[in-house]
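A.B. asks: Sharing a structure, written as structure tokens. Questions coming.
The values are calculated or read from the model by the stated rules, or taken from the named source; none is laboratory data. Note that the coordinates shown come from a computational prediction; the quantities given were computed from them, not determined experimentally. Every residue, glycine among them, receives a Cβ derived from its backbone with ideal geometry; neighbour counts consider all protein chains shown.
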Protein chains: 2
Amino acid sequence: MSDAHSHTHSHGQSCVVSRGETEALVDEFVASLRADGFRRTDALVALLRVMIRNHQPYTLAELAEVEDLRERDQATIYRLVMKLKDAGKMRQLNLAGRVSYFQLVLPGHHHDYLRCESCGEVQEVPLPCALAEVERELMHSLGWKGLHHELEFIGLCPACAD
Amino acid sequence: MSDAHSHTHSHGQSCVVSRGETEALVDEFVASLRADGFRRTDALVALLRVMIRNHQPYTLAELAEVEDLRERDQATIYRLVMKLKDAGKMRQLNLAGRVSYFQLVLPGHHHDYLRCESCGEVQEVPLPCALAEVERELMHSLGWKGLHHELEFIGLCPACAD
DNA sequence: CGGTTTGTTGCAAGCCAATTGCACTTAAGG
DNA sequence: CCTTAAGTGCAATTGGCTTGCAACAAACCG
């Protein structure tokens, strides 16, 4: 009952960074992490390399499939992701049902998503997001602090719509 | 590692329907469900009574605690919810991490939510939502069909913000 | 450069919401 | 009533996380 979505989701290509530029960003990122008690380990570097080079949401399972992380324990990746999240450097997105997606927090790289409820495809919304103003209004009128948001449009992708 | 949020979340009161009016809406809802092969069972009526009278997102666990559903098997509730979802009458919201929330689809009763990342409190956004136009634009320019959306603002509620 | 401290990792076990198989019950429609 | 297909309870399984523990290895110190 209820459809499955258990295949590999294709993400929109979005935000790909060149090889050399990635290394510099990774170094910078790791350096900033030192303050949070992180050490420069192979696993951390490999994880950041992937998530910086291709800035998009990944499931833990997807990360475990990636080059240089493939042969690592999933618990290791899990703990890295969680620690990054605790440090405020990682965001947990609840795009689909029971699996969580994770995406690095890179200031100025916010995105909303479209998800196909038939095939599970996820793609970025190619329009600027105008919710920052709503956030400001909510913080002002309701007293909430530090708001960000998660917006997902759900429907049928062109391929599944027939 | 990573905070827990495992307590009972308080939902904003929102959309409460009077006792008598609820019964009428339940009857109407059940009637429309006949077309999808549903039968009028006690469990279905009890479920709809709750979810129509107080139109808000519920977890399966919360539903299982409710009057008239308390002594029922959780698998029964689960299957009702899934079948309603398959019939397009129920929406699965991914508000928090591990657990899913479900909310009946009642045309014209759309809401966005605010969630506190410290205490887990969820409340409705008390502002009109202006994304219908974005949906139209996306369907037109990208060829997606039947779009709806899920929008959640995340931050610290007034109580947790100090 | 060794030695110490403390974060990191692998492995395996555990957790828990969700999911399913099966046999029994019951609503709906003759 | 009687038949049929949907609904239900119970128990068992799945699967994505989550954790305890002992072995490792960065980072730091003298």
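A.B. asks: Could you tell me whether any residue of segment B:45-65 is touching a Lys or Arg at 6+ places or on another chain (Cβ under 8 Å), of a type outside the set (A, V, I, L, M) and under 27 Å from B:Q123 (Cβ atoms)?
C.D. replies: Yes, segment B:45-65 has at least one match.
A.B. asks: So B:G97 ticks every box in (1) surrounded by fewer than 17 Cβ atoms within 10 Å (Cβ to Cβ); (2) more than 10 Å from DNA strand D (Cβ to nearest atom); (3) assigned to a loop (DSSP other than H, G, I, E, B) but one. Which box is left unticked?
C.D. replies: So B:G97 meets the others, but not (2).
A.B. asks: Can you find even one residue in segment A:55-66 that is more than 12 Å from DNA strand C (Cβ to nearest atom), aromatic (F, W, Y) and under 15 Å from the mean Cα position of the chain (by Cα)?
C.D. replies: Yes - at least one qualifying residue is present in segment A:55-66.
A.B. asks: Same structure again: Considering only segment A:66-77, how many residues are in a loop (DSSP other than H, G, I, E, B) and surrounded by fewer than 20 Cβ atoms within 10 Å (Cβ to Cβ)?
C.D. replies: At the first step, the residues of segment A:66-77 found to be in a loop (DSSP other than H, G, I, E, B) are A:66-73.
Among the residues that remain, those that are also surrounded by fewer than 20 Cβ atoms within 10 Å (Cβ to Cβ) are: A:66-68, A:70-73.
Selection size over segment A:66-77: 7.
A.B. asks: Same structure again: Looking at (1) assigned by TED's automatic domain parsing to the domain that holds A:C160; (2) of a type outside the set (D, E, K, R); (3) at negative phi, which is the one condition that is false for A:G120?
C.D. replies: (3)
A.B. asks: Report, ordered by the first and then the second residue, all pairs with beta carbons closer than 9 Å, sequence separation of six or more or different chains, a first member in segment A:61-73 that is assigned by TED's automatic domain parsing to the domain that holds A:R98, and a second member that is assigned to a loop (DSSP other than H, G, I, E, B) and β-branched (V, I, T).
C.D. replies: A:A61/A:V99; A:E62/A:T8; A:E65/A:T8
A.B. asks: Working carefully through the options B:L138, B:L151, B:L93, B:L156, find the one that is within 18 Å of the chain's Cα centre (by Cα), at the interface with chain A (Cβ under 7 Å from one of its Cβ atoms) and under 30 Å from A:H140 (Cβ atoms). Spell out the reasoning first.
C.D. replies: Details: B:L138 fails: within 18 Å of the chain's Cα centre (by Cα); B:L93 fails: at the interface with chain A (Cβ under 7 Å from one of its Cβ atoms); B:L156 fails: within 18 Å of the chain's Cα centre (by Cα).
The match here is B:L151.
A.B. asks: Could you please let me know if B:Y58 is under 30 Å from B:F153 (Cα atoms), away from DNA strand D (no atom under 13 Å from the Cβ) and hydroxyl-bearing (S, T, Y)?
C.D. replies: Working: under 30 Å from B:F153 (Cα atoms): yes; away from DNA strand D (no atom under 13 Å from the Cβ): yes; hydroxyl-bearing (S, T, Y): yes.
In short, yes.
A.B. asks: Let me ask something else about it. For the structure I just gave you, tell me whether A:I154 is over 14 Å from A:T59 (Cβ atoms) and touching a residue at least 12 places away in the same chain (Cβ under 8 Å). Working first, answer last.
C.D. replies: On the way: over 14 Å from A:T59 (Cβ atoms): yes; touching a residue at least 12 places away in the same chain (Cβ under 8 Å): yes.
Spelling it out, A:I154 is indeed over 14 Å from A:T59 (Cβ atoms) and touching a residue at least 12 places away in the same chain (Cβ under 8 Å).
A.B. asks: A further question follows. Working carefully through the options B:L47, B:L80, B:L33, B:L63, find the one that is crowded, with 16+ Cβ neighbours inside 10 Å, within 13 Å of another protein chain (Cβ to nearest Cβ) and part of a helix (DSSP H, G or I). Show your work before the answer.
C.D. replies: Values: B:L47 fails: within 13 Å of another protein chain (Cβ to nearest Cβ); B:L33 fails: within 13 Å of another protein chain (Cβ to nearest Cβ); B:L63 fails: within 13 Å of another protein chain (Cβ to nearest Cβ).
Every option except B:L80 fails the conditions.
A.B. asks: Quick test for you: out of A:A130, A:A87, pick the one residue that is surrounded by fewer than 20 Cβ atoms within 10 Å (Cβ to Cβ), among the hydrophobic types (A, V, I, L, M, F, W, C), more than 7 Å from chain B (Cβ to nearest Cβ) and within 16 Å of DNA strand D (Cβ to nearest atom).
C.D. replies: On the way: A:A130 fails: within 16 Å of DNA strand D (Cβ to nearest atom).
Residue meeting the stated conditions: A:A87.
A.B. asks: Shifting gears a bit: I'm told B:H109 meets every condition in (1) more than 10 Å from every other protein chain (Cβ to nearest Cβ); (2) loosely packed, with under 14 Cβ neighbours inside 10 Å; (3) not in a loop (DSSP other than H, G, I, E, B) except one. Can you identify the failing condition by its number?
C.D. replies: It fails just one condition, (3).
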